[in-house]
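Here is the structure we will look at.
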Amino acid sequence: MAKLWYLGHSCFSVTIAGKTFVTDPFITPNPQAAHIDLASVEADCILVSHGHEDHTADLLDLANRTGALVLANFEITNWIERQGYHRVHSMNIGGAFEFEGIYVKMVQAVHSSSLPGGEYGGNPGGFVIHGGGDTIYFAGDTALTRDMELIAEEFVLDAAILPMGDNYTMGPSDSVRAAQLLQCNQVIGMHFDTFEAIQIDHKSVQDMYKAAGISLILPEIGDRIDI
Ligand code: NI
Ligand code: MN
């Protein structure tokens with residue numbers, strides 16, 4: 001069983017086979033996550049989908065305190081090393097890496113990626129985490145893309161963590177189509193409600209998923225979810 005803890009926006013703690021992965025650390029700048037203490041978040045491995053500040057703001061603080069291995073694309077790991085943190089492993093789209101017995105594959109995301117300060121952040125990505133009988137897809141920031149069919153061909157997903165706030169990423173109806181391409185019946189929403197431009201109507205989104213026969217969790221910040 002995978003254990004998830006929602007820390008707001010696109011930041012999740014995902015514990016699989018005894019190892020804790022933290023995605024896209026963004027807690028302290030998020031007023032809605034004021035009840036989450038960054039110092040209470042543990043990590044063995046940090047996954048960074050792309051360079052935008054709403055995915056990297058707390059990355060160095062979390063890495064420096066926990067000593068976690070940071071997995072990200074080459075441009076982002078170079079940037080992290082220039083900030084003085086060296087426990088990084090660079091990857092790129094299509095590549096996989098085994099972290100302490102857990103398979104992590106970086107997959108395509110259709111978005112953009114620049115680093116705080118404006119420098120090029122490489123290509124954006126998502127991650128499939130597979131270990132101990134659990135398989136979770138963390139999509140990062142992405143549009144709906146047919147490349148998601150490739151994920152369904154390779155993996156049987158227990159859950160897909162999908163952005164659905166619209167405007168910067170796919171919106172709710174495209175996220176339903178994404179779940180269908182992924183052949184995944186358990187979706188967990190992210191990248192919604194943090195900013196005005198990505199607010200969603202929870203009831204209409206739940207109705208959309210109900211009509212499609214797909215289970216949706218729209219977590220509250222701080223929720224713990226067992227998958
Ligand atoms: Ni972004
Ligand atoms: Mn974003």
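Data overview
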| quantity | calculated |
| --- | --- |
| Checking residue 142 against (1) within 16 Å of ligand 2 (Cβ to nearest atom); (2) in contact (Cβ under 8 Å) with a residue 40 or more places away in the chain, the condition it does not meet | (2) |
| Given (1) more than 21 Å from residue 196 (Cβ to Cβ); (2) more than 16 Å from ligand 1 (Cβ to nearest atom); (3) in a loop (DSSP other than H, G, I, E, B), index of the condition residue 28 fails | (1) |
| Candidates 175, 204, filtered to the one that is over 19 Å from residue 51 (Cα atoms) and within 16 Å of ligand 1 (Cβ to nearest atom) | 175 |
| Residue ID - farthest from ligand 2 (Cβ to nearest atom), chosen from residues in the stretch 157-169 that are part of a loop (DSSP other than H, G, I, E, B) and at negative phi | 158 |
| Search result, residues across the stretch 172-192 that are of a type outside the set (A, V, I, L, M, F, W, C), surrounded by fewer than 19 Cβ atoms within 10 Å (Cβ to Cβ) and not in a strand (DSSP E or B) | 173, 174, 177, 180, 183, 185 |
| Residues that are under 15 Å from residue 137 (Cα atoms) and without any contact (Cβ under 8 Å) to a residue 60 or more places away in the chain, drawn from the stretch 178-214 | 178, 179, 180, 181, 182, 183, 184, 185, 186, 187, 189 |
| Listing of helices (runs of 4 or more DSSP H) fully contained in the stretch 48-156 that carry 1 or more residues being among the acidic types (Asp, Glu) and more than 15 Å from ligand 1 (Cβ to nearest atom) | 59-66, 74-82, 148-154 |
| Qualifying residue in the stretch 153-169 (condition: touching a Leu at 6+ places or on another chain (Cβ under 8 Å) and without any contact (Cβ under 8 Å) to a residue 60 or more places away in the chain) | yes |
| Filter pass, residue 134 being crowded, with 16+ Cβ neighbours inside 10 Å and not aliphatic (A, V, I, L, M) | yes |
| Residue among 117, 122 that is modelled with pLDDT of 95 or more, out of contact with any Lys or Arg (no Cβ under 8 Å at 6 or more places or on another chain) and at positive phi | 122 |
| Matching option when the condition is in contact (Cβ under 8 Å) with a residue 12 or more places away in the chain and of a type in the set (A, V, I, L, M, F, W, C), among 43, 34 | 43 |
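Residues checked against (1) buried (at least 23 other Cβ atoms within 10 Å of the Cβ); (2) within 12 Å of ligand 2 (Cβ to nearest atom); (3) under 14 Å from the mean Cα position of the chain (by Cα):
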residue: 11; (1), (2), (3): yes, yes, yes
residue: 14; (1), (2), (3): yes, no, yes
residue: 21; (1), (2), (3): yes, no, yes
residue: 25; (1), (2), (3): yes, no, yes
residue: 34; (1), (2), (3): no, no, no
residue: 46; (1), (2), (3): yes, no, yes
residue: 59; (1), (2), (3): yes, no, yes
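The values are calculated or read from the model by the stated rules, or taken from the named source; none is laboratory data. Just so you know, these numbers come straight off a predicted model, no measurement behind them. A quick note on method: Cβ atoms are made from the backbone with ideal geometry, for glycine too, and the neighbour counts reach across all protein chains shown.
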